[in-house]
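Here the structure is laid out as structure tokens; the discussion comes afterwards.
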Amino acid sequence: QMPDNNRFYDFYGAEWRITQNGVPGGKSFRSKWLGKEFYMCSPVCPNSSYAKFLNWCVANLMLKYGLDGVYLDGSQTGSCDNSLHGCGFKDAFGRGITPRNDLACRESFRRLYQTIHGIRPDGFLFTHANIQNAPHVHSMSDLILPGEEIMPAIFGHPNMYTDDLALERWQSSY
């Protein structure tokens with residue numbers, strides 16, 4: 001996801017954003033702030049040039065400020081049909097196909113991992129997989145923070161992790 005209140009997004013947003021049936025993905029965390037609509041982020045596709053931009057930003061921040069690595073929130077995969085960056089196509093019958101972006105996400109994380117460890121061998125790529133932990137993608141990370149996939153079960157039952165979650169289920173995710 002990309003914060004959408006900046007000049008980079010203003011210029012590249014149409015090419016970077018995820019679309020479903022040609023409609024841009026919803027901006028997340030919609031709320032009011034200082035009396036105005038406020039959106040924290042907008043979903044972006046790793047198949048777009050955003051992946052290269054993110055890689056450059058991380059390298060620049062590490063070199064300029066001596067950061068140890070980066071934490072990426074909302075690092076799950078998805079589907080996209082934004083033709084501005086090559087996603088989505090028509091099959092032989094003229095039907096619109098919306099492909100998954102798993103491999104592009106994996107490649108983006110692989111490049112980030114190489115960049116981070118090229119700058120700082122003990123650096124880290126820390127990802128939050130949210131509700132779609134994908135080992136074939138997130139194995140490119142040094143650290144993974146899963147956990148939101150069972151959030152609905154926690155509401156009203158704060159001891160759910162210890163009372164109801166099977167040990168095997170806990171061990172497989174955490």
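The values are calculated or read from the model by the stated rules, or taken from the named source; none is laboratory data. Please read these numbers as outputs of a predicted model, since none were measured by experiment. With ideal geometry, Cβ positions are generated from the backbone for all residues, glycine too; neighbour counts draw on all protein chains shown. SASA here: full protein model, heavy atoms, side chains in, ligands and nucleic acids out. Shrake-Rupley method; radii C 1.70, N 1.55, O 1.52, S 1.80 Å.
So if R0 is 41 Å, what FRET efficiency would Leu103 and Glu168 give, r being the distance between their Cβ atoms, rounded to the nearest 0.05?
FRET efficiency, Leu103 to Glu168: 0.90.
Please list 3J(HN,Hα) in residue order for segment 70-87, calculated via the Karplus relation 6.51 cos²θ - 1.76 cosθ + 1.60 where θ = phi - 60°; whole Hz, with x for glycine and proline.
8, 10, 10, 8, x, 8, 8, 8, x, 10, 8, 10, 6, 6, 5, 10, x, 8
Would you grab the residues whose amide H sits under 5 Å from the one on Leu72? Only those 5+ places off in sequence or on another chain, please, with H modelled 1.01 Å from N.
Sorted by chain and number, the residues that satisfy this are Phe126, Thr127, His128.
Taking each pair of different alpha-carbon atoms in segment 64-161 once, compute 1/r for the pair, average those values, and report the inverse of that mean as the Kirkwood hydrodynamic radius in Å to one decimal.
15.7
Taking θ = phi - 60°, what integer Hz values does the Karplus form 6.51 cos²θ - 1.76 cosθ + 1.60 yield along segment 158-166, in sequence order, with x for Gly and Pro?
x, 9, 4, 4, 8, 8, 10, 7, 4
Taking a 1.4 Å probe, which of Glu107, Glu15 shows the most accessible area, and what order do the others take after it?
Order by accessible area, largest first: Glu107, Glu15.
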